[in-house]
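Below are the structure tokens for one structure; questions will follow.
The values are calculated or read from the model by the stated rules, or taken from the named source; none is laboratory data. What you see is a predicted model; the values in this text were computed from it and never measured. Note that we place each Cβ from the backbone using ideal geometry, even for glycine, and neighbour counts take in every protein chain shown.
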Amino acid sequence: MNDTQLRLFDALESIAYSVEIIHLESLPLIQSLKSLSMQEPIIKDPTDNLILHTITAHAIRNGSGAKAFVSGNTKDFGSQDVKNFLSANGNIQYFAEVSNFLGWYNAGCPGSK
């Protein structure tokens, strides 16, 4: 196992008892469908668009603290428009790589509102 994997497992172990499964609810589904019907949706892929709206709805419901979203899918989640949307809708920081997330997390989540 490499250093990044070890640090990921350590981080996951430290949060294992406080994680929560995000269930699909009607409002993010409706928001996603409306977004897809626009001329230029933020994310064109229907599944990833739904993920985006589900994550932001959950983040908004759960306070203003720092939040992170890690996905290697930079095609759909790595654009500046998506990063701005995540930040504006739930104070979510996007990371394409676990190592960058771990650096941010271990530094006390700098740059979060």
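Name every residue in the stretch 82-113 that is loosely packed, with under 14 Cβ neighbours inside 10 Å and of a type in the set (D, E, K, R), in order of residue number.
Those that are loosely packed, with under 14 Cβ neighbours inside 10 Å and of a type in the set (D, E, K, R): E97, K113.
Check Y94 against each of (1) touching a Leu at 6+ places or on another chain (Cβ under 7 Å); (2) in a loop (DSSP other than H, G, I, E, B) and name the one condition it does not meet.
Status for Y94: all satisfied but (2).
Report those helices (runs of 4 or more DSSP H) wholly inside the stretch 1-67 carrying at least 2 residues which are modelled with pLDDT under 95 and farther than 22 Å from E97 by Cα.
Ranges flagged: 26-36, 46-61.
Filter the stretch 63-74 for residues that are surrounded by 12 or more Cβ atoms within 10 Å (Cβ to Cβ) and out of contact with any Phe, Trp or Tyr (no Cβ under 8 Å at 6 or more places or on another chain) and give the result.
Of everything in the stretch 63-74, those that are surrounded by 12 or more Cβ atoms within 10 Å (Cβ to Cβ) and out of contact with any Phe, Trp or Tyr (no Cβ under 8 Å at 6 or more places or on another chain) turn out to be A66, K67, N73, T74.
Right, next: Residues to consider are D81, D48, D76; find the one that is free of Cβ contacts under 8 Å to residues at least 40 places away in the same chain, out of contact with any helix residue (DSSP H, G or I) (no Cβ under 7 Å at 6 or more places or on another chain) and among the acidic types (D, E).
Only one candidate qualifies: D81.
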